[in-house]
1. Under 17 Å from the Cα of Lys206, which aspartates and glutamates turn up, not counting those fewer than eight places away in the same chain?
2. How high is the relative contact order of the chain? Use alpha-carbon pairs under 8 Å, at least six apart in sequence, and give a whole percent.
3. If I take the Cα coordinates of the chain and project them onto the principal axes, what are the three extents in Å, biggest first?
4. Pop the C-beta distance of Arg5 and Tyr222 into the FRET formula with R0 = 30 Å and round what comes out to the nearest 0.05.
5. Taking the Cα centre of the chain as origin, work out the dipole magnitude from +1 charges on Lys and Arg Cβ and -1 charges on Asp and Glu Cβ, in debye rounded to 20.
6. Which FRET efficiency value, to the nearest 0.05, do you get for Asn33 and Glu135 by plugging their Cβ-Cβ distance into 1/(1 + (r/R0)^6) with R0 = 30 Å?
7. Which entries in Lys57/Lys256; Lys27/Lys57; Lys46/Lys134; Lys57/Lys210 show an alpha-carbon gap greater than 28 Å?
8. How high is the relative contact order of segment 62-137? Use alpha-carbon pairs under 8 Å, at least six apart in sequence, and give a whole percent.
Amino acid sequence: MAHFRCNCGEVLGIGLVPNDVQIRIFKNQTWINAVNNHTEVYLIDKDYDIWKCPVCKRVYSFNNKVDKMFALEDVEIDHFTSCLCGERTNFAHYVAYTDIEMDRYTSDAETANELPDAPRELWSCNNCNRFFLKENWSASIQIYHEIDYYKDYETMPVDTGPQCIFLIPDGFAGPVEIIFGQDSYPYIELINNQYVFEIPVTGVLKVSNKESESGYAEDEYYFIDCSGNRIIRAEVSNHIITEFGNGTVKEKFTVKGR
């Protein structure tokens, strides 16, 4: 899974699913529209995917490598009326969920209107790039300012890693499980920096690979015909990786029928 070292020394990664590092950011109006239209949660496109260090609270955005870093200001405010730079009107408004929260909420809800109110709001100043974070359990608002990551700090690139491709029988809908570490079953070779997992009609695939190796590369899912030809991308939800005490790793997701 993708990882890099925070400048406080903490190694951040999203190998655990769900995790408390990854935060999904949605434009406020996008989220309001999704709630009003009863949009299925997995169909809502996030606007940003950022990582927050649980130790020093720095926040990172990245594009194959870290491109922006934000650190906490020394002050907090009780009410948001203007930015510290003096800007009063030119802001973008967002709602945000951690990966853990999204996993927990979507276990009981399928559409945006079934979810509880967003656990946090953000306002981003379009003048100085500061952002303001209000979490619903806190009476104060935290302020973050941008730091020039490459000027002041050494960088550890985000792993690009191999990509995972999942091929699903046309007409299949429902849960899929890939069970790793099964010695008597086939080993999936890495070809052109891709692992290709062909899911059987039962929805359960056992492989001798020890675990899924992926990095900062989007998984892809396709329906295939009886000859193995890719027909169309498949829509999936709740893709998680679970580790058991006996060393077994399961990768699971749910396929929406087309």
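1. Glu177, Asp183, Glu189, Glu198, Glu243, Glu251
2. Working: 551 pairs, mean separation 47.5, N = 258.
Relative contact order, the chain: 18 percent.
3. 63, 44, 34
4. 0.30
5. 220
6. On the way: r = 23 Å, r/R0 = 0.78.
Efficiency, rounded to the nearest 0.05: 0.80.
7. Lys57/Lys256; Lys57/Lys210
8. Values: 66 pairs, mean separation 21.9, N = 76.
29 percent.
Bear in mind these aren't lab numbers, they're just calculated from the coordinates by the rules spelled out. Please read these numbers as outputs of a predicted model, since none were measured by experiment. Note that each Cβ is placed from the backbone with ideal geometry, even for glycine, and that neighbours are counted across all protein chains shown.
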